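> Pasting a structure here, questions to come.
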Amino acid sequence: MLNLDQFMNIRFLQKQGHSVREIARLTGHSRNTVRKLLRAKRAPVPAPRVRASKLDPYKPYLTERWQAHGLSAVRLLPEIVARGFAGSPQIVRRFLQTLKATRHTDQALTVRFETPPGEQAQCDWAEVGRYPQPDGTSIRVYAFVMVLGYSRYLYVEFTRSMTLATLIRCHQNAFAFFGGWPRRILYDNMRQVVVGPEHINARFLDFTRHHGFEVKRCRPYRPRTKGKVERSVSYLRDSFLNGRTFAGLDDLNAQGRHWLGSVANVRMHGTTKARPCERLLEETLTPCAGLNPYQVAHSTARTVGVEALVRYEKSDYSVPARWVGTRVTVDAGDNVIVIRAKDLIVAEHRVATAAGQRIETPAHVRERWERSVPTLVPPPPKGCHITFDEAVQVRPLAVYAEVSA
């Protein structure tokens, strides 16, 4: 391989007017080599020299062990020494650094995946913050976010909890907002949906079967897999939440719905270069019409505690005191908790707005108090009690006078 100086010398001789034959004679190269270099657009670059390393025979073993367990060079060095390695520890450390760099690049690599109309939606929760109430307590506010993959049409709803019943209700509201639902919805490992490595929450699975859509889970620790909804959450914070003031949850949802209709879903989207409201017309969603609404209810058995309270979802609900120790059934709906003893309804309550609340009916409290206060019965008098059946005979004093005369 000719170096740069030789290449430039041949070009210089050509500029001086020398023929190929003369250049070949002056430089000692063949005429074919001279012609090839004169036709080249740039100087030839020599291929890097690949030097053999003492570590080469052990690289497959090191790669397998490191990928499986993430072992350090200190751990791996004795293993390959036992296999015959005679090099320095620095070689092993440098090789492991290349493996780590490669993994970091692979994890950071993002491939944009576009879905056809009606194929997919992505869903997630976002915590808005914790805010004080007039009674001095504070509540958390969450945002339910769902975005259609093809059109980027967005739905947002703000809630006080992330329970499964709330999640299902938000899905129903989103489907009504979209006019239908896609064939698949992508989730992360939210606890309301995923209950194990390969298992979906049975109640949520029943909801998905009612509507006929498939649950897809994104890869663990890879939030970019559901990048559309992640970017939608960031867009929600920056474009809507940041710097605004809201008078309660109802006002927050009202302003959010206005923002969806006037800003989020009518803007020119940076990726699709189209308005989400226009691409929504191309979505082939399963329509909501003709399907009976899914009834959100959950029944579970509980035992009434000694305080005449039933624990459900980290909150306590009161029942009449006479049911202490009884096994009851708790029917949980969207807004109401119904407590039954067999077929008898013993209590109804509103659903707690936050964990740790104590929801009680005044009549239950009064009954519990009355039954807990003991009745004051005076103790019996001390000593014995004697009853005489015959009356004592009383004689006149004259009788005793006659006897003594």
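> Can you confirm whether segment 191-214 contains a residue that is modelled with pLDDT of 80 or more, more than 13 Å from the chain's Cα centre (by Cα) and at positive phi?
Yes - at least one qualifying residue is present in segment 191-214.
> Here's something else I'd like to know. Is segment 147-160 home to any residue that is out of contact with any helix residue (DSSP H, G or I) (no Cβ under 9 Å at 6 or more places or on another chain) and assigned by TED's automatic domain parsing to the domain that holds VAL263?
No, segment 147-160 contains no residue that is out of contact with any helix residue (DSSP H, G or I) (no Cβ under 9 Å at 6 or more places or on another chain) and assigned by TED's automatic domain parsing to the domain that holds VAL263.
> Name the one entry in SER161, SER232, SER239 that is closer than 30 Å to ARG275 by Cβ, among the polar types (S, T, N, Q) and touching a residue at least 60 places away in the same chain (Cβ under 8 Å).
SER232
> Looking at segment 309-329, which of its residues are assigned to a loop (DSSP other than H, G, I, E, B), under 34 Å from the mean Cα position of the chain (by Cα) and surrounded by fewer than 16 Cβ atoms within 10 Å (Cβ to Cβ)?
Once the filter is applied, which keeps residues that are assigned to a loop (DSSP other than H, G, I, E, B), under 34 Å from the mean Cα position of the chain (by Cα) and surrounded by fewer than 16 Cβ atoms within 10 Å (Cβ to Cβ), segment 309-329 yields only LYS314.
> For the subset of segment 353-405 comprising residues that are aromatic (Phe, Trp, Tyr) and assigned to a helix (DSSP H, G or I), which member is modelled with the lowest pLDDT?
Filtering first and then ranking leaves TYR400.
> Return only the number of the condition from (1) within 23 Å of ASN201 (Cβ to Cβ); (2) at pLDDT 90 or above; (3) in a loop (DSSP other than H, G, I, E, B) that SER151 does not satisfy.
(1)
> Could you look through segment 275-299, keep only residues that are within 14 Å of LEU148 (Cα to Cα) and not charged (D, E, K, R), and pick out the one that is farthest from the chain's Cα centre (by Cα)?
Selected residue: LEU281.
> Do you know which of the residues in segment 330-365 that are surrounded by 15 or more Cβ atoms within 10 Å (Cβ to Cβ) and of a type in the set (Asp, Glu) is nearest to the chain's Cα centre (by Cα)?
Going through the qualifying residues, I end up with ASP331.
> A follow-up question, please. Scan SER161, SER151, SER138 and give me the residue that is surrounded by 15 or more Cβ atoms within 10 Å (Cβ to Cβ) and more than 15 Å from the chain's Cα centre (by Cα).
On the way: SER161 fails: more than 15 Å from the chain's Cα centre (by Cα); SER138 fails: surrounded by 15 or more Cβ atoms within 10 Å (Cβ to Cβ).
Answer to the check: SER151.
The values are calculated or read from the model by the stated rules, or taken from the named source; none is laboratory data. Here the structure is a predicted model, which is why all the values come from computation and not from measurement. Positions of Cβ are generated from backbone atoms using ideal geometry, with glycine treated the same way; all protein chains shown enter the neighbour counts.
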